[in-house]
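The values are calculated or read from the model by the stated rules, or taken from the named source; none is laboratory data. All values derive from a computational prediction rather than experimental measurement. Here the Cβ is made from the backbone with ideal geometry for all residues, glycine too, and neighbour counts use every protein chain on show. Surface areas here come from the heavy atoms of the whole protein model, side chains and all, with no ligands, DNA or RNA. Shrake-Rupley method; radii C 1.70, N 1.55, O 1.52, S 1.80 Å.
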Amino acid sequence: MSKDKSETSAKEFFPARKSLKAFRDAAADCKACDLWERGTQTVFGEGARRAEVVFVGEQPGNEEDLSGHPFVGPAGRLLDDALAEAGIDRSQTYVTNVVKHFKWEPRGKRRIHKKPNATEIKACRPWLEAEINLVKPKVIVCLGATAAQALLGPQFKVTKQRGQFLESTLAPYIMATVHPSSILRAPDDETRHTERRHFVDDLKKVAHVLSKR
Ligand code: URA
Ligand code: SF4
């Protein structure tokens with residue numbers, strides 16, 4: 001019997017050697033869901049091998065897809081600035097996504113981001129788990145609902161539970177906050193400013209936990 005595509009998992013592409021580099025190289029050839037055909041390349045996580053904090057976004061965007069690096073576009077620039085304001089050095093972090101390929105639809109000449117579905121998230125999750133298991137961070141920060149629901153459960157509501165440290169087997173501390181893209185999409189300057197400040201406040205809580213020995 002041929003296997004249902006929805007059951008394919010990134011695990012089938014796992015390397016023999018359990019190092020971050022081996023996983024990155026193996027993920028470059030992943031075809032565990034259909035997104036590999038649409039994206040330019042796999043965008044694996046990046047950052048410090050022994051980072052104390054791992055940030056998890058949804059999926060690479062347009063610039064990430066083209067460059068091959070996570071959070072380098074507009075959302076990444078906002079994240080960098082907010083981290084600096086909160087006193088967290090991005091070079092001391094590890095940044096990744098729930099899904100490693102850019103999912104998009106054409107609109108004119110532009111490629112419009114499309115949310116990954118449950119099958120894609122499930123297929124890709126082993127890469128994220130491997131990254132977390134190898135980096136072993138003290139804190140995981142989920143950026144937005146896709147990451148929060150993937151790591152904290154489908155019932156998780158970012159609007160209600162953002163900025164709170166929760167129990168998890170994944171790391172000593174786990175928190176969800178908004179996705180930086182949602183701040184960029186704010187309807188007016190005042191809302192954007194307020195949202196951004198709230199985001200920096202959440203990151204300051206992370207900075208506080210990191211400063212505790
Ligand atoms: N948005 C994400 O969720 N991840 C990226 O890497 C870039 C934008
Ligand atoms: Fe593999 Fe994830 Fe890309 Fe799907 S999105 S092909 S599971 S790396």
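Among PHE14, PHE156, the order of accessible area from largest down is PHE14, PHE156, computed with a 1.4 Å probe on protein heavy atoms. Considering only LYS115, LYS21, LYS138, the Gaussian network model of the chain with Cα springs below 10 Å gives its largest mean-square fluctuation to LYS21. Only aspartates and glutamates eight or more places from LYS136 in sequence, or on another chain, were considered; those with a Cα closer than 13 Å are GLU52. What FRET efficiency would be calculated for the residue pair ASP29, ARG49, taking the C-beta separation as r and a Förster radius of 22 Å, to the nearest 0.05? With a Förster radius of 22 Å, E is 0.50.
Of the whole protein surface, HIS198 contributes about 80 Å² of accessible area at a 1.4 Å probe radius. In the full protein context, the chain carries 52 Å² of accessible surface per residue, based on a 1.4 Å probe and ignoring ligands, DNA and RNA. By a 1.4 Å probe calculation restricted to protein chains, SER19 has an accessible surface near 30 Å², given to the nearest 10.
With a Förster radius of 25 Å applied to the C-beta separation of ARG38 and GLU63, the computed FRET efficiency comes to 0.95. A straight Cα-to-Cα reach below 19 Å connects LYS31 with the lysines LYS3, LYS5, LYS11, LYS21, LYS100, LYS103, LYS114, LYS115, LYS122, residues fewer than 8 places away in its own chain not being considered. A simple charge model with +1 on the Cβ of Lys and Arg, -1 on the Cβ of Asp and Glu and nothing else charged puts the dipole of the chain at about 320 debye relative to its Cα centre. R0 = 41 Å: FRET efficiency of ASN117 with ARG192, Cβ-based, nearest 0.05? About 0.90, to the nearest 0.05. Bridging of LYS205 to lysines at a Cα separation below 18 Å is possible for LYS138, LYS160, once same-chain residues fewer than 8 apart are set aside. Spatial offset of the range 64-81 relative to the range 109-168 amounts to 17 Å, using the alpha carbon center of each. Highest mobility in the GNM of the chain, judged by mean-square fluctuation with C-alpha springs under 10 Å and restricted to GLU52, GLU167, GLU64, is found for GLU167. Looking at the chain alone, DSSP beta bridges between its own residues are antiparallel in about 35 percent of cases. Rolling a 1.4 Å probe over the protein heavy atoms of the chain, with every protein chain left in place, gives an accessible area that is 51 percent carbon and sulfur. In summary, the range 10-211 shows an alpha-carbon radius of gyration equal to 0.97 times the 2.2 N^0.38 Å reference for compact globular proteins.
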